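Here is the structure we will look at, set down as structure tokens.
The values are calculated or read from the model by the stated rules, or taken from the named source; none is laboratory data. Fair warning: this is a prediction, and the values are worked out from it, not measured in the lab. A quick note on method: Cβ atoms are made from the backbone with ideal geometry, for glycine too, and the neighbour counts reach across all protein chains shown.
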Ligand SMILES: [Zn+2]
């Protein structure tokens, strides 16, 4: 089937659906200059990241973790000049058309919000790079109340940011490899699972299908019979999927134009 034929078919399903969930991965932000984590020749997520991207490693040496892992592996996300692309903007149009629809994103880069995405229709399931919390396992108020700034100026001297309430190390509000989606309310994992169970259409966008939330989405669709769409240069590793074999920045504006027509 040609891309146009499949786009027409997907647009019809989206228009007829009472709820659509768009599940976004790193591929959506590649045109904005942020490298995909796990796939492609530029992938930065090798053994190194799997080893360092854990709570255990953070607690073992917070200063080294902030300097080596956080500032080292996330240089592109932390740049201030990154901008959303046509894929992010098309999702905003789709959300405004249908306030019951939802984007669940694995991306911590904040580009959905930068594109003007409505807050109530966005779940950043892996957290966000620009919020920080207390890493204590006790009930310190700094765990539930993210702040937008930490002082990283002392890292070279081994000084890491500490919680003003309890002096535990401060950490980014992002899901690490040895943590669970339910580990912090900000990830809204329960709401995401419920939305995936209730969706008539689930659109995977630029995701490698390799994380927990994509497995949840595939299982939800198998149970509910929801239409599954894959916007990606690579085909989905599961059967019965409507494939839009194009980059998100190409396919999503064309989909949005058809749905809004
Ligand atoms: Zn604390």
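What to note about this one:
- Verdict on residue 256 being in contact (Cβ under 8 Å) with a residue 60 or more places away in the chain and assigned to a helix (DSSP H, G or I): yes
- Among the residues of the range 64-75, just one is touching a helix residue (DSSP H, G or I) at 6+ places or on another chain (Cβ under 9 Å) and under 12 Å from residue 35 (Cβ atoms), namely 73.
- Considering the range 136-153, the residues that are surrounded by 15 or more Cβ atoms within 10 Å (Cβ to Cβ) and near the ligand (Cβ under 9 Å from one of its atoms) include one that is farthest from residue 72 (Cα to Cα), namely 140.
- Considering the range 154-177, the residues that are more than 16 Å from the ligand (Cβ to nearest atom) and either part of a helix (DSSP H, G or I) or loosely packed, with under 13 Cβ neighbours inside 10 Å (or both) include one that is nearest to the chain's Cα centre (by Cα), namely 155.
- Of the residues making up the range 208-233, those that are modelled with pLDDT of 90 or more, part of a loop (DSSP other than H, G, I, E, B) and under 20 Å from the mean Cα position of the chain (by Cα) are 232, 233.
- Top-ranked residue in the range 178-207 [being crowded, with 18+ Cβ neighbours inside 10 Å and in a loop (DSSP other than H, G, I, E, B); ranked as nearest to the ligand (Cβ to nearest atom)]: 184
- Scanning the range 78-109 for residues that are in a loop (DSSP other than H, G, I, E, B) and either out of contact with any helix residue (DSSP H, G or I) (no Cβ under 8 Å at 6 or more places or on another chain) or within 21 Å of residue 196 (Cβ to Cβ) (or both) turns up 79, 80, 81, 98, 99, 100, 101, 106, 107, 108.
- Condition broken by residue 230, with the remaining ones in (1) within 25 Å of residue 99 (Cα to Cα); (2) touching a helix residue (DSSP H, G or I) at 6+ places or on another chain (Cβ under 8 Å) satisfied: (2)
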